[in-house]
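Q: Questions regarding the structure given below will be posed in turn.
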Amino acid sequence: MAQTPATSASPVSFTRQADVLVVTIDNPPVNALGVDVRRGLAAAIAAAEADGEAKAVLIVGAGRNFIAGADIREFGQTPQPPSLPEVCAAIENCSKPVVAAIQGAALGGGLEIALSAHYRLAVPSAKLGLPEVALGLLPGSGGTQRAPRLIGAKAALELILSGRHAGAKEALALGLVDRLGEGSEALPEGLAYARELVAAKAPVRRTRDAQALADAEASRAALEAARADTAKKSRGLFSPMKIIEAVEAALTKPFDEGMALERKLFLQCIDSPQRAGLIHAFFAEREVLKAPETKAAKPRTLESAGIIGGGTMGAGIAVAMLDAGMPVTMIERDDVQLARGRANVEKVYDGLVKKGRMTPEAKDSVMARFSGSTSYDALAKADIVVEAVFEDMAVKKAVFAELDRVCKPGAVLATNTSYLDIDEIAASISRPGDVVGLHFFSPANIMKLLEIVVPAKVSADVVATGFELAKKLKKVPVRAGVCDGFIGNRILAVYRQAADHMMEDGASPYEIDAAVRNFGYPMGPFQVSDLAGGDIGWATRKRKAATRDPKARYVQVADRICERGWFGQKTQRGYYLYPEGARTGQPDPEVLAIIDAERQRAGITPRSFSEDEIMRRYMAAMINEGANVVHQRIALRPLDVDVTFLYGYGFPRFRGGPMKYADMVGLPKVLADIQEFAKQDPVFWKPSPLLVELVERGADFASLNQSE
Ligand code: 3H9
């Protein structure tokens, strides 16, 4: 029988091979279950029922994946029939055995399709999961009802609440699949399995009737444990508790009632702003990879690396590269510093060995790829060199002069500077086209963000190599232009000032931190300052003192605190007190007295701030500077600002990032706030021209998010 598409342009086709009707979903890139796939699947099941020769049905995905889930782009639009739960019901109700043969991703709705089939086989590449929680959702096509019935409440809750993927072997052990295929292709393995089932006259076996919840006591205990754990961990998140409610229905209600409740809760999740924020984050972190240079050029070779400087940053970058399997050569100015740099690297691996997360042998094999030298000549063969020395232009230029002298033609020469002018560094050597900024965040082996800072003369393939390095190091790259602070630190400097202004005007640092935490951040700005060390910000303020606008407001509280030698956690005192090295600080009455004295000196009568006002000011400052950064092309699009803040600054993912948040609040409202605040301080609060323009046009930041 010829390949029959379900309709003329359907991504689902079916063909009968002897007595098995093979249904193939071919909807690149990941076989998402858009409306055409749903229609095609429904038509294929109807065809299977009508085909007297077909004794079984096999569902497979074309390409690398089975099905990656519902088509996320459809959420928020008018739903088109048939719904996914209807398609799943049609599969489960089919009168002939249905087999799902899985390769690659069977995620979300993809796994729910497989759970609706009567038999499941996975080949080694399979990864199965219900990751809806990461999108602010719950499995909405029977996943909360079928998975517990199939694998028990405990395993199902763990899978759904974590959103993690299980490999083929684990899926078999859990009971998610019935069989492992030995070959790599799902089609022949699935076909052989389906034929075997036909030969054995295997019955239709519906997951809705599976009995893994039979031990009611154990199921209830698992549910209560998950409820307690979720209450503790998922602060502020909407969908995890809804997941528990839905799974509870699997324990207590007949299948159809459970399905109805799942649907109701799923639609509540769909309507929540968290769904919009999390799905924006999902697409934004993929869009940032699409910079003009990654489209225009191929990356250069990236096999070996050099690092200049073995301090916290240099060592962290070295670890990130070693973890990615690269050989790393570290350069320091003398043997003592080199030994310190090596020790900084080794310390990270010793920590892992101590925690049992790495064997001593594995550590030795990683460290065998690490070498050190006090001579730049050791970098002659390196494909990429990252400089992480002291933040001083003269020092950096001296390093680059050495790199210019020793590095091979075509080597990428990167600086990890946080704020120095990379154009000036590039212009100081004979090969400016090879110079790029790679701004890592501390600790560099852990933090995901990597700003790829693009100076004027850099070659496109060098920028593309920066993105390739990020991929190798499993980091999230964001393209940034050259300016003081690039995207992240430039915006941080502004909203940090807004926090200082509020502190001087009457809000305590503790109130501000609490408001920011309640918004969803793990920490408030004053806690972050104590963690990072107050001396770092102090040095920057001193550096900028000469160029500061004399008309601009300058809050001196931080300087008063630093003058006392209170640099935060490392000195057991900063904005908070940390008795005996405690990590959680306690409010300090002496800090409040310092703030009071500063208010008096500045002639300010303190007033109270509501949590709402604190966040409106904090976010307005962040959004306004974000708009400036986009307007000046430092960030390509608003989404690049969002990803920077999600991965480098602890911005709550469920809010999507500052620019997405601004769209959700409404740009006219944000602008009105800024105009209101400007009445008291017109120097600090200047509406960004881009924000004004978007409000005038009735547009939002999302309208600027198309890929370049
Ligand atoms: C759900 O199923 C709800 C149901 O329970 C209930 C419904 C009623 N839709 O990641 P990649 C795009 S919720 C639309 O770079 P990889 C992606 O944007 C869903 N598009 O590839 C990218 O586009 P572009 C639950 C999607 O190989 C391209 O595909 N499922 C979807 O590194 C390639 O993606 C999930 O949450 C989608 N579902 O990783 C799984 N998925 O090329 C989400 C991907 O234009 N997906 N795209 O940038 C993933 O985790 C990964 O994409 C996957 C492949 C592991 C599958």
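Q: So how tilted is helix 239-252 from the main axis of the chain? Cα-based, degrees 0 to 90, rounded to 10.
A: That works out to roughly 30 degrees.
Q: Using only Cα atoms and rounding to the nearest 10 degrees, what angle (0 to 90) does helix 312-323 make with the longest principal axis of the chain?
A: Result, in degrees: 30.
Q: Let me test this: with uniform point scatterers at the alpha carbons of region 12-271, what is the Debye-based log₁₀ I(q)/I(0) at q = 0.10, 0.14, 0.17 1/Å?
A: Each listed q maps to, in turn, -0.44, -0.88, -1.30.
Q: For the peptides 81-90, 193-202, what is the packing order when you average, over each peptide's residues, the other Cβ atoms within 10 Å and list the highest mean first?
A: Numbers: 81-90: 19.2, 193-202: 16.4.
Most protected by this proxy first, the peptides run 81-90, 193-202.
Q: For the chain, what is the calculated [θ] at 222 nm in deg cm²/dmol (nearest 500), taking -39500 (n - 2.57) for each run of four or more DSSP H residues and dividing by its residue count? Please report the intermediate quantities before stating the final value.
A: Working: 29 runs with 346 residues, N = 708.
Calculated mean residue ellipticity at 222 nm is -15000 deg cm²/dmol.
Q: What does the highest-first list of 370-380, 110-120 look like by mean Cβ count within 10 Å?
A: Details: 370-380: 15.9, 110-120: 27.7.
Most protected by this proxy first, the peptides run 110-120, 370-380.
Q: So if I take the centroid of the Cα atoms in region 543-598 and the same for region 269-287, what is the distance between those two points in Å?
A: Region 543-598 and region 269-287 have Cα centres separated by 37 Å.
Q: Full-extension gain between Met358 and Glu580, please, as 0.36 nm times their residue separation minus the C-alpha to C-alpha distance. The partial results should precede the final answer.
A: Details: separation 222, 0.36 × 222 = 79.92 nm, distance 3.01 nm.
Residue separation times 0.36 nm, minus the Cα-Cα distance, leaves 76.9 nm.
Q: If you don't mind, there's one more thing I want to ask. Calculate, for Val395 and Ala173, the FRET efficiency according to 1/(1 + (r/R0)^6) with r their C-beta to C-beta distance and R0 56 Å; round to the nearest 0.05.
A: Details: r = 56 Å, r/R0 = 1.00.
Rounded to the nearest 0.05, the efficiency is 0.50.
Q: If one computes the Cα centroid of region 144-220 and of region 607-623, what distance in Å separates the two points?
A: Result: 50 Å between the Cα centres.
Q: How big is the Kirkwood radius of region 300-486, worked out from every pair of different alpha carbons and given in Å to one decimal?
A: 16.2 Å
Q: Can you classify region 489-704 as rounded, prolate or oblate using the Cα gyration tensor, where a ≥ b ≥ c are the square roots of its eigenvalues, rounded means a/c under 1.5, and otherwise it's prolate if a/b beats b/c and oblate if not?
A: Numbers: a/c = 1.82, a/b = 1.54, b/c = 1.18.
It comes out prolate by the Cα gyration axes.
Q: Using Cα pairs closer than 8 Å and at least 6 residues apart in sequence, work out the relative contact order for the chain, in percent.
A: Answer for the chain is 9 percent.
Q: If you don't mind, another one. What percent does the relative contact order of region 12-271 come to when contacts are Cα pairs within less than 8 Å and at least six residues apart? Present the calculation step by step, with values, prior to reporting the outcome.
A: On the way: 543 pairs, mean separation 48.3, N = 260.
It rounds to 19 percent for region 12-271.
Q: Hey, with R₀ at 60 Å, roughly what FRET efficiency would Gln77 and Trp538 work out to, going by the Cβ-Cβ distance, to 0.05? If you can, show how the numbers build up before the last one.
A: On the way: r = 51 Å, r/R0 = 0.85.
After rounding, the FRET efficiency stands at 0.75.
Q: Can you flag which of Lys448/Lys570; Lys55/Lys169; Lys347/Lys544; Lys295/Lys396; Lys298/Lys457 are past 26 Å Cα-Cα?
A: On the way: Lys448/Lys570 24 Å; Lys55/Lys169 28 Å; Lys347/Lys544 34 Å; Lys295/Lys396 31 Å; Lys298/Lys457 17 Å.
Check vs 26 Å cut-off fails for Lys55/Lys169; Lys347/Lys544; Lys295/Lys396.
Q: Between 0 and 90 degrees, rounded to the nearest ten: what's the tilt of helix 460-472 against the longest Cα principal axis of the chain?
A: It is inclined by approximately 60 degrees.
Q: Only sites in a loop by DSSP and with at most 15 other Cβ atoms within 10 Å count here; which trypsin sites (Lys or Arg not before Pro) in region 600-656 make the cut?
A: Numbers: sites: Arg601, Arg607, Arg616, Arg617, Arg633, Arg653, Arg655; in loops: Arg607, Arg633.
Taking region 600-656 and a limit of 15 other Cβ atoms within 10 Å, the loop trypsin sites (Lys or Arg not before Pro) found are Arg607, Arg633.
Q: For Lys542, give me every one of the aspartates and glutamates with a C-alpha distance below 17 angstrom, ignoring sequence neighbours fewer than eight places off in its own chain.
A: Output for Lys542: Glu391, Asp392, Asp484, Asp500, Asp559, Glu563.
Q: Follow-up. Taking the Cβ-Cβ separation of Ala296 and Leu592 as r and a Förster radius of 45 Å, what is the calculated FRET efficiency to the nearest 0.05? Walk me through the numbers on the way to the answer.
A: Working: r = 55 Å, r/R0 = 1.23.
Rounded to the nearest 0.05, the efficiency is 0.25.
Q: Give me, ordered by chain and number, the residues 5 or more places off Val453 or on other chains with an amide H under 5 Å from its own placed amide H.
A: Gly437, Leu438, His439, Ala480
Q: Still on this structure, I have one more. Percent relative contact order of region 300-486, based on C-alpha pairs within less than 8 angstrom and at least six residues apart?
A: Numbers: 374 pairs, mean separation 40.9, N = 187.
RCO, region 300-486: 22 percent.
Q: So what's the net charge close to Asp505: Lys and Arg +1, Asp and Glu -1, counting the other residues with Cβ under 12 Å from its Cβ?
A: Working: positive: Arg553, Arg599, Arg607, Arg617; negative: Asp500, Glu504, Glu511, Glu598, Glu613, Asp681.
Around Asp505, the charge tally is -2.
Read-outs: derived from the displayed coordinates by stated rules, not from any lab. Quantities reported herein were computed from a predicted structural model and do not represent experimental measurements. FYI the Cβ positions are ideal-geometry reconstructions off the backbone, even for glycines, and counts take in every protein chain you see.
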